Amino acid sequence: MNNRLKIAIQKSGRLSEQSKKLLRDCGIRFSNGKQALIASSGNFPLDLLYLRDDDIPRYVEDGTADIGILGENVLIESALPLRTVRKLGFARCRLSLAIPKSENYNDPAFFEGRKIATSYPKILTNFLNDKGINANIHRISGSVEIAPNIGLADAVCDIVSSGSTLFSNGLKEVERILESEAILIARDRLPAEKEVILESLLFRLESVLQAQANKYVVLNAPNDKLESISNILPGMRSPTVVPLAEKGWSALHSVLPENLFWNLIDELRQAGAEGILVMPIEKMIR
Ligand code: PRT
Ligand code: ZN
């Protein structure tokens with residue numbers, strides 16, 4: 001069956017809601033996966049497999065699924081030759097080494113001969129090998145952060161986002177090994193028919209992710225200020241300018257990258273813009 005694409009997503013966990021939302025934002029309809037292991041979309045040639053995130057690389061590799069959404073950290077730890085098709089911008093975190101707060105730390109030589117608890121033995125081994133350090137890696141699959149407190153390890157190598165888990169376990173982060181976010185992966189060679197479906201999914205994804213990264217801006221300005229304001233807000237091609245009922249004034253419509261938002265808003269006000277409205281964009285196709 002090459003006329004449908006199979007995507008593996010996390011059944012329940014930190015990635016599952018956002019993975020499903022992203023696909024739904026792409027206009028793809030499917031049932032929830034609360035009970036079932038598999039769901040079929042009725043309006044797009046996509047079947048969903050709900051799996052544990054750790055199993056996703058293997059299933060994409062062996063052809064049970066064609067593509068998948070998972071954390072970059074899990075893909076790298078799997079060491080499987082899969083391709084990263086698109087970074088998805090959610091579930092950002094990092095994989096870090098942490099030690100008890102009371103310890104002094106200068107550099108990775110600290111870890112020589114120490115016992116480190118982790119769920120990421122391969123990534124940690126590579127990091128330590130790179131630094132020429134011999135440590136004793138203790139592989140555990142959950143609650144890594146409690147290992148030093150119960151005397152199981154001297155340090156941990158674990159996923160951190162806010163840092164509060166480390167903090168509440170009396171640990172401090174001393175090395176960042178890897179930055180991670182959710183990604184879309186695919187098997188290296190997909191049949192041509194499946195590549196076509198992936199392309200069409202990617203086109204939709206792109207328009208959703210672009211929209212998330214940008215805001216729609218409407219503002220009023222006196223006509224003699226329009227040019228300098230347009231220079232600040234280039235838009236997709238150039239801003240739309242519409243005259244207001246009040247003579248000598250116009251409204252300017254444009255698009256602004258979310259990450260520049262606050263900086264540019266200040267610049268716009270200084271350039272004479274007022275009545276600024278900023279709105280979310282649902283889809284954006286360049
Ligand atoms: O059941 P399944 O195997 O599918 O899920 P899981 O329990 O293995 O994974 P899950 O759902 O916890 O995480 C899925 C993915 O989310 C991870 O592989 C990361 O890519 C990403 N992610 C983002 C995180 C975090 N943020 C995160 N904070 N994964 C785990 N954590 C944990 C971390 O392990 C630690 O216990 O949260 C704690 C640290 O958080 P802070 O905010 O206290 O620093
Ligand atoms: Zn997992």
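The values are calculated or read from the model by the stated rules, or taken from the named source; none is laboratory data. Since this is a predicted model, take the numbers as computed values, not measurements. Here the Cβ is made from the backbone with ideal geometry for all residues, glycine too, and neighbour counts use every protein chain on show. Just so you know, the surface numbers come from the protein's heavy atoms only, side chains and all, with ligands and any DNA or RNA stripped out. Shrake-Rupley method; radii C 1.70, N 1.55, O 1.52, S 1.80 Å.
For the range 146-242, what % of the accessible area comes from carbon and sulfur atoms, probe 1.4 Å? Present the calculation step by step, with values, prior to reporting the outcome.
Details: 2470 of 4890 Å².
About 51 percent, which is the carbon plus sulfur part of the accessible surface.
Compute the acute angle (0 to 90°) between the alpha-carbon long axis of helix 261-270 and the principal axis of greatest extent of the alpha-carbon atoms of the chain; round to the nearest 10°.
Compared with the principal axis, the helix lies near 30 degrees.
What are the ³J(HN,Hα) values, in whole Hz, obtained from phi via the Karplus relation 6.51 cos²θ - 1.76 cosθ + 1.60 with θ = phi - 60°, for each residue of the range 172-181 in sequence order, with x given for Gly and Pro?
My calculation for the range 172-181 gives 10, 7, 10, 9, 9, 8, 7, 9, 9, 8 Hz in order.
Divide the volume of the convex hull of the Cα atoms of the chain by its number of residues and quote the answer in cubic angstrom per residue.
Numbers: hull volume 52.6 nm³, N = 286.
Per-residue hull volume (Cα only) is 184 Å³.
Compute the accessible area per residue over the range 214-280, keeping the other protein chains in place, probe 1.4 Å, unit Å².
On the way: 4190 Å² over 67 residues.
Spelled out: the 1.4 Å probe surface of the range 214-280, per residue, equals 62 Å².
Calculate, for the range 127-210, the solvent-accessible area per residue in square angstrom, rolling a 1.4 angstrom probe over the heavy atoms of the protein chains.
Ligands and nucleic acids excluded, the result is 52 Å² per residue.
For residue 178, which sequence-distant residues (separation of 5 or more, or a different chain) have an amide H within less than 5 Å of its own amide H, given hydrogens modelled in the peptide plane?
Counting only residues 5 or more places away or on other chains, the set is 95.
Report the per residue volume, in Å³, of the convex hull enclosing the C-alpha atoms of the range 1-126. Walk me through the numbers on the way to the answer.
Numbers: hull volume 17.9 nm³, N = 126.
It is 142 Å³ per residue.
Just flag the GluC sites (Glu not before Pro) in the range 186-252 sitting in loop per DSSP whose Cβ has no more than 11 other Cβ atoms within 10 Å.
Values: sites: 193, 195, 199, 206, 227, 246; in loops: 246.
For GluC sites (Glu not before Pro) across the range 186-252 that sit outside H, G, I, E and B with at most 11 neighbouring Cβ atoms in 10 Å, the list reads 246.
Treating cross-link reach as a plain straight distance, find the lysines whose alpha-carbon is under 26 Å from the alpha-carbon of residue 11, omitting any fewer than eight places away in the same chain.
Output for residue 11: 20, 21, 34, 87, 122, 194.
What relative contact order, as a whole-number percentage, does the chain give when Cα pairs under 8 Å and 6 or more residues apart are counted? Don't skip to the answer; put the middle values down first.
Details: 537 pairs, mean separation 53.9, N = 286.
The value is 19 percent.
Taking only Cα atoms, what is the 0 to 90° angle, nearest 10, from helix 192-212's long axis to the longest principal axis of the chain?
70 degrees
Working from Cα positions, state the angle (0 to 90°, nearest 10) between the long axis of helix 16-25 and the longest principal axis of the chain.
So the helix axis and the longest Cα principal axis differ by about 30 degrees.
With θ set to phi - 60° and the Karplus curve 6.51 cos²θ - 1.76 cosθ + 1.60, what are the ³J(HN,Hα) couplings of the range 106-111 in order, to the nearest whole Hz, using x for Gly and Pro?
For the range 106-111, the Karplus curve yields 10, 7, x, 4, 3, 7 Hz.
Counting only helical runs of four or more DSSP H residues, what would the 222 nm mean residue ellipticity of the chain come to if each run contributes -39,500 (n - 2.57) and the total is spread over all its residues? Could the numbers behind the result be given before it?
Values: 8 runs with 77 residues, N = 286.
The helix-only estimate for the chain comes to -8000 deg cm²/dmol at 222 nm.
With θ set to phi - 60°, apply the Karplus curve 6.51 cos²θ - 1.76 cosθ + 1.60 along the range 220-228 and write out the HN-Hα couplings as whole Hz, x wherever there is a Gly or Pro.
Those phi angles translate into 9, 7, x, 4, 6, 9, 4, 5, 5 Hz.
How would you classify the range 93-180 from its alpha-carbon gyration tensor, with a ≥ b ≥ c the square roots of the eigenvalues: rounded for a/c under 1.5, else prolate if a/b is greater than b/c, otherwise oblate? Spell out each step's value before the answer.
Working: a/c = 1.30, a/b = 1.19, b/c = 1.09.
In terms of gyration-tensor shape, rounded.
Quick one: Cα centre-to-centre distance for the range 27-106 and the range 200-241, in angstrom?
32 Å
Highest first, please rank the peptides 220-226, 63-69, 48-54 by the mean number of other Cβ atoms sitting within 10 Å of their residues.
Numbers: 220-226: 16.3, 63-69: 21.9, 48-54: 20.1.
Order by mean packing, descending: 63-69, 48-54, 220-226.
For residue 92, which sequence-distant residues (separation of 5 or more, or a different chain) have an amide H within less than 5 Å of its own amide H, given hydrogens modelled in the peptide plane?
Under 5 Å from the amide H of residue 92 lie the amide H atoms of 182, each far enough along the sequence or on another chain.
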